[in-house]
Amino acid sequence: MNSLKSTGPSWTTRIIGTANESERIERIIGRYAHFVYTKKNILDTFLLEEIYEIGETLLSLSLSKQDFPQPYSFGELYLAEHSLLQKKFNACEYPLQCRVLDVAEEYKKAKGLYALIAIDWESGISQLLSISSDTGRLKMEAEGFLSDPLLENMVDRHLEGTLASLLDRSREIVKTEKNTENTGLYAVRCSDAFFVNNLFSFFLDAKFTILSGKNLDEFGHHLPEFITIA
């Protein structure tokens, strides 16, 4: 018997049909993720202050189950006192409305903004592996990114050999939690803009600037401390 049972409306049961329920739910979630979290910079449309304001509004409400499934009604219901923001939100396509609500809620709740990055010290390339408001989730989120089948499909091992090698070594370091002389994984703080633009997105093309401190790691590399949008 499957331990994961659908509790949604009747149409979800019809979609699942007679297939393996847990596998079908994974497929549905995967399609949603592709639909909603395609790479699009939120801050190309909204200001940071507006994202914070939307998050503040969300957290002030006793939201019913209908509010998030129907983001297109959020502006009309809850942004009436902020007419310019309401117009901007209502003008967004549905996928961006969904992502804005999810990101705004996390951004408002966040006590800190963190990322896990991988650095190939030999070649100088770096890669974002995870981003979270909770440092305890960085490793788990990185494991999810590194095991995503989409990642394997998106990296050409012949043309992007250095990147593919960094990702392979990152998978190993996530398991062992031991950096090597040429490759390191580092938990760093990140800027508000970087957090908002990259939360709940596919990290492969995330560009960032690294700021390092004076402290050195065991191999003599300056420890990265902070990243922001490149």
TODO: Kindly express, to the nearest 10 degrees and within the range 0 to 90, the angle between helix 94-109's C-alpha long axis and the longest C-alpha principal axis of the chain.
DONE: 70
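Could you please report the charge total around TYR186, scoring K, R as +1 and D, E as -1 over all other residues with beta-carbon less than 10 angstrom from its beta-carbon? Provide the component values of the computation, followed by the final result.
Details: positive: none; negative: ASP217, GLU225.
Summing Lys and Arg as +1 and Asp and Glu as -1 gives -2.
Where the accessible area of the chain is counted over protein heavy atoms with a 1.4 Å probe, how much of it, in %, is carbon and sulfur?
Values: 7030 of 13440 Å².
Carbon with sulfur: 52 percent of the solvent-accessible area.
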- [ ] Set the Förster distance to 25 Å, then compute FRET efficiency between ALA33 and PHE219 from the Cβ-Cβ distance, nearest 0.05.
- [x] 0.10
Open item on the list: I'd like to check one number: the per residue accessible area of segment 113-222, probe 1.4 Å, reported in Å² as a whole number.
Closed with: 53
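Evaluate the charge dipole of the chain about its Cα centre and quote only its size in Debye, nearest 20, assuming +1 on the Cβ of each Lys and Arg and -1 on the Cβ of each Asp and Glu.
Values: 24 positive and 33 negative charges, 108 e Å.
Result for the chain is approximately 520 debye, rounded to the nearest 20.
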Task: Extreme residue, positive dipole direction of the chain, given options LEU77, LEU96, VAL174 (C-beta unit charges) - done: LEU77
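Between SER62 and SER123, 0.36 nm times their residue separation minus their Cα-Cα distance comes to what? Kindly include the intermediate steps, with their values, before the conclusion.
Details: separation 61, 0.36 × 61 = 21.96 nm, distance 5.04 nm.
Between SER62 and SER123, full extension yields 16.9 nm more.
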Task: Dipole in debye (nearest 20) - segment 114-229, about Cα centre, beta carbon charges: Lys, Arg +1; Asp, Glu -1 - done: 200
Task: Under the Debye formula (equal points on every Cα, no solvent term), log10 I(q)/I(0) of the chain at q = 0.08, 0.09, 0.12, 0.18 Å⁻¹ - done: -0.36, -0.46, -0.78, -1.34
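What is the Rg over Rh value, at two decimals, for segment 114-229, using alpha-carbon atoms and the Kirkwood definition of Rh? All intermediate terms of the calculation are to be shown ahead of the outcome.
On the way: Rg = 13.3 Å, Rh = 14.3 Å.
Computed over Cα atoms, the ratio is 0.93.
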- [ ] Just give me a number: lysine pairs in the chain, eight or more positions apart or cross-chain, with C-alpha atoms less than 16 Å apart.
- [x] 5
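The values are calculated or read from the model by the stated rules, or taken from the named source; none is laboratory data. Values in this document were obtained by computation on a predicted structure and should not be read as measured data. Heads up, the Cβs are rebuilt from the backbone with ideal geometry, glycines too, and the neighbour counts pull from every protein chain shown. Please note that ligands, DNA and RNA were not included when accessible areas were found on the heavy atoms of the full protein model with its side chains. Shrake-Rupley method; radii C 1.70, N 1.55, O 1.52, S 1.80 Å.
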